[in-house]
1. Ignoring GluC sites (Glu not before Pro) that are buried or in helix or strand per DSSP, and keeping those with at most 14 other beta carbon atoms within 10 Å, what is the longest stretch of chain A between them?
2. At a 10 Å Cβ-Cβ cut-off, how would you order A:VAL187, B:VAL171, fewest neighbours first?
3. Using only Cα atoms, tell me the angle between helix A:152-164 and the longest principal axis of chain A; keep it within 0 to 90° and round to the nearest 10.
4. Just to be sure I understand: chains A and B are related by a rotation, so which residue of A has its Cβ closest to that axis, and how close in Å?
5. Quick one: order A:CYS158, A:CYS68 by neighbouring beta-carbon count within 10 Å, fewest to most.
6. Highest GNM mean-square fluctuation, chain A, Cα pairs closer than 10 Å: which of A:GLY39, A:GLY59, A:GLY25?
7. List, shortest first and in nm to one decimal, how far the label point of B:GLY25 (7 Å from Cα along Cα→Cβ) is from its counterparts in the other copies.
8. Hey, which aspartates and glutamates would be in cross-link range of B:LYS118, C-alpha to C-alpha under 16 Å, not counting anything within fewer than 8 residues on its own chain?
There are 2 protein chains.
Amino acid sequence: MRVAEPTIERLVQYHRLLETLKDEGHRVVSSQQIGDLLGFKASQVRKDLSYFGEIGKRGVGYHVERLCDHIVEILSSPKIWRIAMAGVGNMGTALLLNPAFRSPKVRFEALFDIDPRKTGRDISGIHCWHFTEIPSVMSEKEIEVLILAVPAHAAQRCVDLAIASKALRGVLALTQGSLVVPEEILVVRVDIMAELEKLLFFMKQPEAVWG
Amino acid sequence: MRVAEPTIERLVQYHRLLETLKDEGHRVVSSQQIGDLLGFKASQVRKDLSYFGEIGKRGVGYHVERLCDHIVEILSSPKIWRIAMAGVGNMGTALLLNPAFRSPKVRFEALFDIDPRKTGRDISGIHCWHFTEIPSVMSEKEIEVLILAVPAHAAQRCVDLAIASKALRGVLALTQGSLVVPEEILVVRVDIMAELEKLLFFMKQPEAVWG
């Protein structure tokens, strides 16, 4: 099944919301409610979910638990992904300490930094190496995913080292600036300042269209 | 001019890239090069830019500086936005220390936290108040934008306090979980774990469509 990127982004958000609704004891939810809580149009929600064969009952909505299970299945991983993170500064530490990152889908296998106060020891239970060891450690541990939480000027160098490991397949970049990678390597970027600019842009012209 | 959200996201990325190219002394750039560097299709780049009246010269491309100026103008702010941030933990500190956040478009006017080691003093030159003071401080300083960098369980409470200030118009939420806000308040969310899930999803099925 081919799924376009924005849909996946929304699916992930549906999943989170449904888990919360489940925890709170809700049994059904309407597309309107989902839309209101996530800031999408109800029609968008219905379109997304019907794409995966989920049709809500008119005037009733979707069965929370079933819908949640279905989305979990679509988003499910065939395995536990081995992950490394380069950069254990404030941003990296924030991620390490975020309970959401202790997902059963992923396992942090290695940290990399340049600061001698961090390298050579465990941080939150994960060993931290000097970043020059990225190729050997990633190769040996078969780490396919690198989270980049280093300053912008160090990002390309870290990625190049990870590419040299031959294990790298995907990068989550929390750094600004462009990255050059071979075509077969997937890069997803999170640029918080860009998101802030987007917000300011919409505040400046309230007539702009969302989504 | 009405601009859909995904376009703005790309515009912000074009802007960043063009600033880098300018700094590196490049005078022209093709839609193919822009696409390669940012991970978009060249056709998408041409479509986006032509929407704003920028037509690249066939076989030559776009004039870097002129294109950059044009995008700056589209993204420009009519004023300096006053911003507050709730939560000065690892994530909040990462943003405070990120040079990108020292943009001339924004001014951090206030920080809020619950930790007595942080409240009542300046952090990176910005005063930190107890979060219960959100309504009075935001109202008095006419702060329209709140960055939420608090744990998920505290997010709604902080937003409710900011809404009570009557000054709030936009929220950048770095926290997970749904937020309930009045319709006139814009919310942009950055969910890093969701972005990681997206990456893993694409790694699992390499035939999926990007963008």
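Coordinate-derived values only; no laboratory data. Source: prediction; values computed, not measured. Ideal geometry is used to build each Cβ from the backbone, glycine not excepted, and the neighbour counts take in all protein chains shown.
1. Looking at chain A, A:25-141 is the longest stretch - no exposed GluC sites (Glu not before Pro) with at most 14 other Cβ atoms within 10 Å.
2. A:VAL187, B:VAL171
3. Computed tilt is about 80 degrees.
4. Here the value is A:ASN90, 2.
5. A:CYS68, A:CYS158
6. Judging by the Gaussian network model, the answer is A:GLY59.
7. Copy-to-copy label distances for B:GLY25: 6.9 nm.
8. In chain and number order, the partners are B:GLU109, B:GLU133.
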